[in-house]
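Novice: Take a look at this one; I'll ask things after.
The values are calculated or read from the model by the stated rules, or taken from the named source; none is laboratory data. Keep in mind that this is a model prediction, so the values were computed, not measured. Positions of Cβ are backbone-derived with ideal geometry, glycine not excepted, and every protein chain shown enters the neighbour counts.
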Amino acid sequence: MSDQASQKQWGGRFTEPTHELMERINASIFFDRRLYAQDIRASQAHAAMLARQGILSLDDTVAIIQGLDKVREEIEAGQMEWRVSLEDIHTHVEVRLKELIGEAAGRLHTARSRNDQVATDLRLWVMQACRDLDRALMEFQRALVDLGQAHASAIMPGYTHLQRAQPVLFAHHLLAYVEMAWRDRERLADCYRRTAVLPLGAAALAGTTHPIDPFAVAQDLGFSGGACGNSLDAVSDRDFAAELLFILALCQVHLSRLAEELVLWSSNEFGFIRLSDAFTTGSSIMPQKKNPDAAELIRGKTGRVLGDLVALLTVLKGLPLAYNKDLQEDKEPVFDAVETVLDCLRVLAPMLAGASVREEAMAQAVKQGFLNATELADYLAAKGVPFRSAHEIAGRAVRLAEQSGRALEELTLEEYKSLSSVIEQDVFPVLEAEHAIDRRRSPGGTAGENVRAALNLARKRLWPESE
Ligand code: ARG
């Protein structure tokens, strides 16, 4: 047997070396080495359990646990030599452990397989990712609330079909994204709950003959949901990863909508905000340009996150039970999506904090486009005109104003009287944007009172220690 083959964990029945190209396609080390800390931590918990169960001697256990600490230190110091021939992180850790402590290293793999091992490592990694993502989402929410509070009375056009529709408070608009982020965070918490179930103990697929205690390992490693109920499912289930990817896909879709608005708002056409130099770039040919690249990239990166979800679902589709090597393809989409969404959230928070809001430009936009036409119709309806006719009259008022290049509030009372005799002087205050906003007091509506309460509530939830 070649030297190389002897280092493999499965070399026993093989006489010929692995083809170089097979080694390359088979190796996951260049991406799964990110699991080193989880792999080592889980191995230590496994060894401790084996010792408590009388399966491993105390001496061997101490040597294994301390040896694994050393392997971790070496990896963190950049001293580990990564080798394609050693396939994956599990083999690297074990081979290095053997070099450090000898024979005893081989006993660590008692009552386990790489199948339940890798499922455990990935679950641990996803659990940490859920925590990191939750934190980043919270920081993002804080940035939105801070910006909303800094411009608590700023009025902007609310849009439907990207046409100016009705005035809303800028803070109300930002709070819509805070809501989305709450839902993303709830979904993450839910995903975490289902991920925190330990597969270790399922061994290759059927369970093990050794008297193990997976519940103790679960507790040791923080798997609050205990141990998996079926060994075949334990080694082949990647629902937790697919769930995470869906959550991230949806979260990134949310971010892409905000990113798109930042692109629009920072354009000359809108001019609602100015992004700081820190998150924009210039053009090599057009000196006047200030491009919202960060926002565009957040919008653009949505493609890869959605792709990650589809990639994983496609890997899982049609897989017979239990473990199949296809499952090795689960990691890169997970790593990529988590990294991408974390980056985007972390960029958005300071980008929002550094943006300057041009309240005046927003207020100006509210004045153009007849955003108060609904107010006029509502005013007529309140005076007893059936809403359908009120809508018609308000429409004619818009036409009259448009033809003479004026706003609705600039028509005279006589002109209004010619449209409907019920219209009086009291129509004018009704046509003011502030009035339109303040009257929208329905739950979740944009009235200042509502928005202030929503901002305060969000502040309480997002900065609990300041209570
Ligand atoms: N690198 C493998 C993976 O990511 C580890 C499990 C290998 N198991 C096996 N039976 N070859 O899935």
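Novice: Filter the stretch 133-161 down to the residues that are in contact (Cβ under 8 Å) with a residue 12 or more places away in the chain and within 19 Å of Ala433 (Cα to Cα) and list them by number.
Specialist: Taking the stretch 133-161 as the starting set, the residues that turn out to be in contact (Cβ under 8 Å) with a residue 12 or more places away in the chain are 133-134, 136-158.
Those that are in contact (Cβ under 8 Å) with a residue 12 or more places away in the chain and within 19 Å of Ala433 (Cα to Cα): Gly148, His151, Ala152, Ser153, Ala154, Ile155, Met156, Pro157, Gly158.
Residues are listed down the side, and each one gets a yes or a no for (1) buried (at least 22 other Cβ atoms within 10 Å of the Cβ); (2) of a type in the set (Lys, Arg); (3) closer than 30 Å to Ala454 by Cβ:
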site	(1), (2), (3)
Arg183	no, yes, yes
Arg193	no, yes, yes
Ala216	no, no, no
Phe223	yes, no, no
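Novice: Please go through the stretch 305-327 and pick out each residue that is away from the ligand (no atom under 16 Å from the Cβ), surrounded by fewer than 16 Cβ atoms within 10 Å (Cβ to Cβ) and assigned to a helix (DSSP H, G or I). Explain how you work it out, then say what you get.
Specialist: Quick first cut of the stretch 305-327, residues away from the ligand (no atom under 16 Å from the Cβ) only: 305-310, 313-314, 317-318.
Adding the requirement that they be surrounded by fewer than 16 Cβ atoms within 10 Å (Cβ to Cβ) leaves 307, 310, 313-314, 317-318.
Gly307, Val310, Leu313, Thr314 - these are the residues of the stretch 305-327 that are away from the ligand (no atom under 16 Å from the Cβ), surrounded by fewer than 16 Cβ atoms within 10 Å (Cβ to Cβ) and assigned to a helix (DSSP H, G or I).
Novice: Can you go through Glu375, Glu332 and tell me which one is away from the ligand (no atom under 16 Å from the Cβ) and of a type in the set (D, E, K, R)?
Specialist: The match here is Glu375.
Novice: Going through the stretch 379-411 one residue at a time, which ones are in contact (Cβ under 8 Å) with a residue 24 or more places away in the chain and closer than 19 Å to Arg440 by Cα?
Specialist: Passing the criteria: Tyr379, Leu380, Lys383.
Rundown of residues vs (1) more than 21 Å from Arg440 (Cβ to Cβ); (2) β-branched (Val, Ile, Thr); (3) in contact with a helix residue (DSSP H, G or I) (Cβ under 7 Å, 6 or more places away or on another chain), yes/no style:
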residue	(1), (2), (3)
Ala152	no, no, yes
Tyr159	no, no, no
Pro167	no, no, yes
Ala171	no, no, yes
Tyr177	no, no, yes
Glu186	yes, no, no
Asp190	yes, no, no
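This table checks each residue for (1) within 16 Å of the ligand (Cβ to nearest atom); (2) touching a Phe, Trp or Tyr at 6+ places or on another chain (Cβ under 7 Å).
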site	(1), (2)
Lys8	yes, no
Phe14	yes, no
Glu23	yes, no
Gln38	yes, yes
Arg41	no, no
Ala45	no, no
Ile55	no, no
Leu58	no, no
Glu81	no, no
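Novice: Something else: I'm told Ala390 meets every condition in (1) within 23 Å of Leu258 (Cβ to Cβ); (2) over 39 Å from the mean Cα position of the chain (by Cα) except one. Can you identify the failing condition by its number?
Specialist: Just one mismatch for Ala390, condition (1).
Novice: Moving on. Could you figure out which of (1) under 23 Å from Leu175 (Cα atoms); (2) surrounded by fewer than 18 Cβ atoms within 10 Å (Cβ to Cβ); (3) small (Gly, Ala, Ser) isn't true of Gly148?
Specialist: The failed condition is (2).
Novice: What number goes with the only condition from (1) touching a residue at least 24 places away in the same chain (Cβ under 8 Å); (2) touching a helix residue (DSSP H, G or I) at 6+ places or on another chain (Cβ under 7 Å) that Asn324 does not pass?
Specialist: Single failed check for Asn324: (2).
Novice: Let me ask you something else. Could you tell me which residue of the stretch 277-304 is modelled with the lowest pLDDT, considering only residues that are surrounded by 13 or more Cβ atoms within 10 Å (Cβ to Cβ) and among the hydroxyl-bearing types (Ser, Thr, Tyr)?
Specialist: Residue satisfying both the conditions and the ranking: Thr281.
Novice: Which fully enclosed helices (runs of 4 or more DSSP H) of the stretch 331-417 have 2 or more residues being closer than 30 Å to Ala242 by Cβ?
Specialist: Details: elements: 331-353, 359-367, 373-382, 387-403.
Once the helices (runs of 4 or more DSSP H) in the stretch 331-417 are filtered for at least 2 residues that are closer than 30 Å to Ala242 by Cβ, what remains is 331-353.
Novice: Quick one: how many residues across the stretch 16-53 are free of Cβ contacts under 8 Å to residues at least 40 places away in the same chain and within 30 Å of Phe215 (Cα to Cα)? Lay out the reasoning, then the answer.
Specialist: Keep residues of the stretch 16-53 that are free of Cβ contacts under 8 Å to residues at least 40 places away in the same chain, which gives 16-17, 19-22, 25, 37, 44, 51.
Checking which are within 30 Å of Phe215 (Cα to Cα) leaves us with 37, 44, 51.
Summing the residues that are free of Cβ contacts under 8 Å to residues at least 40 places away in the same chain and within 30 Å of Phe215 (Cα to Cα) in the stretch 16-53 gives 3.
Novice: Another question, then. Do we find a residue being hydroxyl-bearing (Ser, Thr, Tyr) and away from the ligand (no atom under 16 Å from the Cβ) anywhere in the stretch 140-153?
Specialist: Among the residues of the stretch 140-153, at least one is hydroxyl-bearing (Ser, Thr, Tyr) and away from the ligand (no atom under 16 Å from the Cβ), which makes the answer yes.
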